[in-house]
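Enquirer: The structure that follows is given in the form of structure tokens.
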Protein chains: 2
Amino acid sequence: MSDSPPGIDLMQTLTVNLGDRSYPIYVGDGILSKAGDFLQRAGLRGKVAVITNPTVAQLYLDTVHESLSGAGFDVTPVLVPDGEQHKDLRSLSVIYDRLIAERLERQSCVLALGGGVVGDLAGFAAATFLRGIAYVQLPTTLLAQVDSSVGGKTGVNHQEGKNLVGAFYQPRLVLIDVAVLQSLPRREFIAGLAEVIKYGVIEDPALFKLLEEEIGKLTSLDRALLTQVIATSCAIKAKIVEQDERENDYRAVLNFGHTVGHALEAATHYQKYLHGEAVGIGMAQAAAISAQQGFCDQRSLERIRKLIKKAGLPLEIPREVSMQNLIQSMEMDKKSAGGKIKFVICTGIGKTRFHALSPGEILTALGA
Amino acid sequence: MSDSPPGIDLMQTLTVNLGDRSYPIYVGDGILSKAGDFLQRAGLRGKVAVITNPTVAQLYLDTVHESLSGAGFDVTPVLVPDGEQHKDLRSLSVIYDRLIAERLERQSCVLALGGGVVGDLAGFAAATFLRGIAYVQLPTTLLAQVDSSVGGKTGVNHQEGKNLVGAFYQPRLVLIDVAVLQSLPRREFIAGLAEVIKYGVIEDPALFKLLEEEIGKLTSLDRALLTQVIATSCAIKAKIVEQDERENDYRAVLNFGHTVGHALEAATHYQKYLHGEAVGIGMAQAAAISAQQGFCDQRSLERIRKLIKKAGLPLEIPREVSMQNLIQSMEMDKKSAGGKIKFVICTGIGKTRFHALSPGEILTALGA
């Protein structure tokens, strides 16, 4: 892109097309230290509340603060505690208090600097402060970069369940710096790969093949490859979201691997697996169900299992988790209807369909 | 309308045209007891949480409950305490808890039965529960019927200010029953008339003339006239909102009389005036400023003052309120910019423009 700020290598630009809610995603190496330029070019000005957590703040807040100040922004850092258990109404209230104390206005902006928790919280605060102010995502985990930063889902948890309070609210701008992944714990990076593999399975045989060939280079954090793979992942998610922004229907295809994955997270009380790890197992199981039900050929099933394993992700439901328990969790899921559980089935690499299965059929398919 | 439920007289139907967020407003006599039919015809089904307060519940909850149940809905009443001071995050949290406990789903619906406080709270809860579920307004005050139920502003107050947290979220349906106004305290009814007069001043000379001629019949609660006047008011607001849904610009014309009005409410700690009463004074003062600045002829100024007075609304800023105090409140208002205060000026009955005035100019114009 000819008008990119200087000093950024390998940058790819894409657009999420949602009418008057459209926005660009920039993916590249070194974007974080140019954040101020990007915001300025996007027409933003005045006050920016940077919402982040202590871990990320220690690594990147100074750089982002300096870049924003250098571009003329009036910066207010807002720290929220790290961890999913703090994605709640209490943290939200703390953010509101700070936005009010710092006199943010309708023309001001919220920037989320962190992973999915920070992004969801900051996005919901932006969606609801003064009935909605501009919102910029600067995701610092692979999972947030390829998944939660695209598509406008924001919100907080309730003690009774995840994301029960929230809004669909699109950011004004997403800035993805692949360089920050070098500071991400390796286990979190690997977990994020599950969503990347998912995009290959549901939508893109070429991405799937690239991952099969280059997964080692990717886990070595090759920045050119990271830029390419992350931009491709975001483009796939954007294309799906553009067709069904509010998840009335087709957007649910993004839940491939998530029906079993979510149930597994719940059954293990969100302690044993990172989200992506549970999705790894969920995808392997969904692929097995797809094959067992006659939708997916054995060759594709084997390729999917092999890639998940090669990425370093788990494949199998652990023995200590009871199948009955898993099925119950799936039935509680808001996507269940009429006694059957709706699965995203793969019908080969890059192809999907929806299929509802009864608990009995699931048990049989999983060989339990 | 040929497809209206039986037993409703004088009904008028209008549509707020906002693309895929468009919705109908029904105004008539006897609509409340047919609520279930209207919801059913709008394609709603399943669970309905009726959000209301104890005062309104005692008068109308049984009727609405019966109508909804009769139409096959599964009804959950949710009572919130009466009064602006309860339009806060705490009440919102109570509503979320109930919606979750009653297992409302994405296909479920929230119905606001009450005045502006109930409407704003219920609307914001609907906007943010499960990232947005359907929302129906059944306003029971004149103010809510002609103002807050149209246009999609929802939200709660923060101790630092009103409506600091909220969302633009359009209802699926608005049901206005003029019969309920007979139970509204007379002072509240009169206060609601301020907004009706405002629509005449800013947009509609014919409405203004009708009010001049028939204000007595209106305050006697003539239902045919109420239906006509309320439908006209809603249509004017709808037309303005359609042009500028998120108040980037033109929608601010609805603030005629509100710059001084809001300041007066703040200066008297929200104790002395109902909102509409403060707006009555605010309109008289805004008209005086319009004339003093050479935008509005004396004849129009006199007609405006006379109508406000005839409606039973106050005209003058009380002596005990200091002008300095008022100006300070106006400067705090989020609509001020660059040291000047933005006023909606009338340039005759039915015509407006924006004009920024310095504090000194305001003091001079108000003859202080």
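Enquirer: So B:Tyr135 ticks every box in (1) closer than 29 Å to B:His275 by Cβ; (2) assigned to a loop (DSSP other than H, G, I, E, B) but one. Which box is left unticked?
Expert: Result: B:Tyr135 fails condition (2) only.
Enquirer: So for the stretch A:59-81 (the condition being more than 14 Å from chain B (Cβ to nearest Cβ), closer than 23 Å to A:Gly7 by Cβ, in contact (Cβ under 8 Å) with a residue 40 or more places away in the chain and of a type in the set (Phe, Trp, Tyr)), does at least one residue qualify?
Expert: yes
Enquirer: Determine whether A:Asp97 is buried (at least 24 other Cβ atoms within 10 Å of the Cβ) and either within 19 Å of A:Arg246 (Cα to Cα) or at the interface with chain B (Cβ under 9 Å from one of its Cβ atoms) (or both).
Expert: Numbers: buried (at least 24 other Cβ atoms within 10 Å of the Cβ): no; either within 19 Å of A:Arg246 (Cα to Cα) or at the interface with chain B (Cβ under 9 Å from one of its Cβ atoms) (or both): yes.
No: the conditions fail for A:Asp97.
Enquirer: For the subset of the stretch A:313-340 comprising residues that are at pLDDT 90 or above and within 24 Å of the chain's Cα centre (by Cα), which member is surrounded by the fewest Cβ atoms within 10 Å (Cβ to Cβ)?
Expert: Ranking the candidates gives A:Glu316 first.
Enquirer: Give, as residue ranges, the strands (runs of 3 or more DSSP E) completely inside the stretch A:140-238 that count at least 1 residues that are touching a residue at least 60 places away in the same chain (Cβ under 8 Å) and under 30 Å from B:Val94 (Cα atoms). Let's see the steps before the verdict.
Expert: Values: elements: A:153-158, A:161-168, A:173-177.
It comes to A:153-158, A:161-168.
Enquirer: What is the one condition in (1) within 14 Å of chain A (Cβ to nearest Cβ); (2) in contact with a helix residue (DSSP H, G or I) (Cβ under 8 Å, 6 or more places away or on another chain); (3) surrounded by fewer than 20 Cβ atoms within 10 Å (Cβ to Cβ) that B:Glu188 does not satisfy?
Expert: The number of the failed condition is (1).
Enquirer: Still on this structure, I have one more. Considering only residues that are assigned to a helix (DSSP H, G or I), in contact (Cβ under 8 Å) with a residue 24 or more places away in the chain and of a type outside the set (Val, Ile, Thr), look in the stretch B:94-118 and name the one that is farthest from B:Asp37 (Cα to Cα).
Expert: B:Tyr96
Enquirer: Taking only the stretch A:343-356 into account, find how many residues are in contact (Cβ under 8 Å) with a residue 60 or more places away in the chain and in contact with a Phe, Trp or Tyr (Cβ under 6 Å, 6 or more places away or on another chain).
Expert: The total comes to 3.
Enquirer: A:Asn157 versus (1) within 23 Å of A:Val279 (Cβ to Cβ); (2) among the polar types (S, T, N, Q); (3) buried (at least 24 other Cβ atoms within 10 Å of the Cβ): which is the lone unmet condition?
Expert: (3)
Enquirer: Let me ask something else. Looking at (1) away from chain B (no Cβ under 14 Å); (2) of a type outside the set (A, V, I, L, M, F, W, C); (3) surrounded by fewer than 22 Cβ atoms within 10 Å (Cβ to Cβ), which one does A:Thr141 not meet, given that it meets all the others?
Expert: Failing condition for A:Thr141: (3).
Enquirer: A further question on this structure: Here are some residues: B:Ser233, B:Ser220. Which one is at pLDDT 95 or above and either in contact with a helix residue (DSSP H, G or I) (Cβ under 8 Å, 6 or more places away or on another chain) or in the same structural domain as B:Ser148 (by TED's automatic domain parsing) (or both)? Outline the logic, then answer.
Expert: Working: B:Ser220 fails: either in contact with a helix residue (DSSP H, G or I) (Cβ under 8 Å, 6 or more places away or on another chain) or in the same structural domain as B:Ser148 (by TED's automatic domain parsing) (or both).
Being at pLDDT 95 or above and either in contact with a helix residue (DSSP H, G or I) (Cβ under 8 Å, 6 or more places away or on another chain) or in the same structural domain as B:Ser148 (by TED's automatic domain parsing) (or both) holds for just one of B:Ser233, B:Ser220, which is B:Ser233.
Enquirer: All but one of (1) in a helix (DSSP H, G or I); (2) under 21 Å from B:Val174 (Cα atoms); (3) within 14 Å of chain A (Cβ to nearest Cβ) hold for B:Ser91; which doesn't?
Expert: Tallying (1) in a helix (DSSP H, G or I); (2) under 21 Å from B:Val174 (Cα atoms); (3) within 14 Å of chain A (Cβ to nearest Cβ), B:Ser91 fails exactly one: (2).
Enquirer: Then there's this: Got a number for residues in the stretch A:160-191 being within 14 Å of the chain's Cα centre (by Cα) and over 15 Å from A:Gln137 (Cβ atoms)?
Expert: Total satisfying the criteria: 5.
The values are calculated or read from the model by the stated rules, or taken from the named source; none is laboratory data. In this text, all values refer to a predicted model and were calculated from it rather than measured experimentally. Positions of Cβ are generated from backbone atoms using ideal geometry, with glycine treated the same way; all protein chains shown enter the neighbour counts.
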